[in-house]
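Inspection log for the structure reproduced underneath, given as structure tokens.
Just so you know, all these numbers are worked out from the coordinates, no wet-lab data involved. Values in this document were obtained by computation on a predicted structure and should not be read as measured data. Every residue, glycine as well, gets a Cβ built from its backbone with ideal geometry; the counts of neighbours run over all protein chains shown.
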Amino acid sequence: MAIQIAPSILSADFANLERDIVAVAEADWLHVDVMDGHFVPNLTLGLPVVERIAQVSPLPIDAHLMIEDPDRWAPRYAEVGATSVTFHLEAARDPRTIAADLRSLGARASCAIKPGTPVEDVLPLIDTLDMVLIMTVEPGFGGQSFMEDMMPKFRTLRAAVAAAGSDLWIQADGGVARETIATVVESGGDVLVAGSAVYGADDRGGEIRALRELGQEACHHC
Ligand code: DX5
Ligand code: ZN
């Protein structure tokens, strides 16, 4: 499988969201960070905004739910048009049922772990999931520094995926940029979220191409 790039609109101009969504059209996914002010201290946007974004976006929506009670809310994001829905393991009561609900709605089911959560906690779930998101910053804010000490989690998960013959995708989110993308891809990541790296560049398309190229060169598992 090829490296995929998912620009995060957390770093976009929220007053010009459609313009900034179209500006990253050559990426693979549009990463939408939903924060509720409880699971994480920050507050962003919710269902009605994701619904409209899905209607105008040329890219499929990769919704990253940093919210409490994903058992109740995650399927609603699939219903309003998200193609991939990521819930946090730390917030989930019954992750297997959430994943099954998402798949039954036709969405890709994905589970995220915070830096303090061991990757071993998610390994028993990989048969129920289409993607695992390993956070490479503390969730809540864009523009933080990449946590290289998360790389052993990627290696462990990549080995487990290979051993299981699974086609699970492994997403990295936080601090991914030209300087860090090779490290995370070599460690096993294949879907890369990039917020400030893409939106901080004058040429967003050029930045997406540069990240994809650097990631592809570093990929042994592609
Ligand atoms: C952080 C969000 C990220 C954020 C990444 O909680 O989940 O998606 O936008 O931003 P950068 O790429 O700037 O670290
Ligand atoms: Zn995110």
* Asked: How big is the Kirkwood radius of segment 98-206, worked out from every pair of different alpha carbons and given in Å to one decimal?
  -> 14.5
* Which listed residue (107, 177, 45) has the Cα farthest towards the positive end of the charge dipole for the chain, taking +1 on Lys and Arg C-beta and -1 on Asp and Glu C-beta about the Cα centre? -> 107
* Would you calculate, for the chain, the mean residue ellipticity at 222 nm contributed by helices, counting each DSSP H stretch of 4 or more residues as -39,500 (n - 2.57) and dividing by all residues, to the nearest 500? => -9500 deg cm²/dmol
* Asked: How large is ³J(HN,Hα) for each residue in segment 183-190, as worked out from phi by the Karplus curve 6.51 cos²θ - 1.76 cosθ + 1.60 (θ = phi - 60°), to whole Hz, x for Gly and Pro?
  -> 4, 6, 6, 4, 7, x, x, 9
* Taking amide hydrogens as modeled 1.01 Å from N in the peptide plane, which residues meet the under 5 Å criterion relative to residue 143, leaving out close sequence neighbours? -> 175, 196
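What FRET efficiency comes out for residue 14 versus residue 159 if R0 is 41 angstrom and r is the Cβ-Cβ distance? Round to the nearest 0.05.
Details: r = 40 Å, r/R0 = 0.97.
Approximately 0.55, to the nearest 0.05.
Loop only by DSSP, 16 or fewer other Cβ within 10 Å of the Cβ. Give me the GluC sites (Glu not before Pro) in segment 1-84 that pass, ordered by residue number.
Numbers: sites: 18, 26, 51, 68, 79; in loops: 26, 68.
Sites meeting the loop and neighbour criteria: 26.
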* Relative contact order, percent, of segment 46-156 when contacts are C-alpha pairs under 8 Å separated by at least 6 residues? -> 20
* Structure fact -> Pseudo-spin-label distance residue 221 to residue 196, built 7 Å along Cα→Cβ, given in nm, is 2.7
* Structure fact -> The whole-number value in µm²/s of the Stokes-Einstein translational diffusion coefficient for segment 155-222, with Rh from the Kirkwood sum over alpha carbon pairs at 20 °C and 1.002 mPa s, is 173
* Could you rank the peptides 116-129, 82-95 by their average count of other C-beta atoms within 10 Å per residue, with the highest value first? => 82-95, 116-129
* **Cα principal axis extents for segment 84-158, largest first, Å** => 36, 25, 20
* Computed over segment 181-222: relative contact order in percent, which uses C-alpha pairs under 8 Å that are six or more apart -> 62
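For the chain, what class follows from the C-alpha gyration tensor (a ≥ b ≥ c being the square roots of its eigenvalues): rounded when a/c is under 1.5, otherwise prolate if a/b is larger than b/c, else oblate?
Details: a/c = 1.45, a/b = 1.03, b/c = 1.41.
It is rounded, given that a/c, with a ≥ b ≥ c, falls under 1.5.
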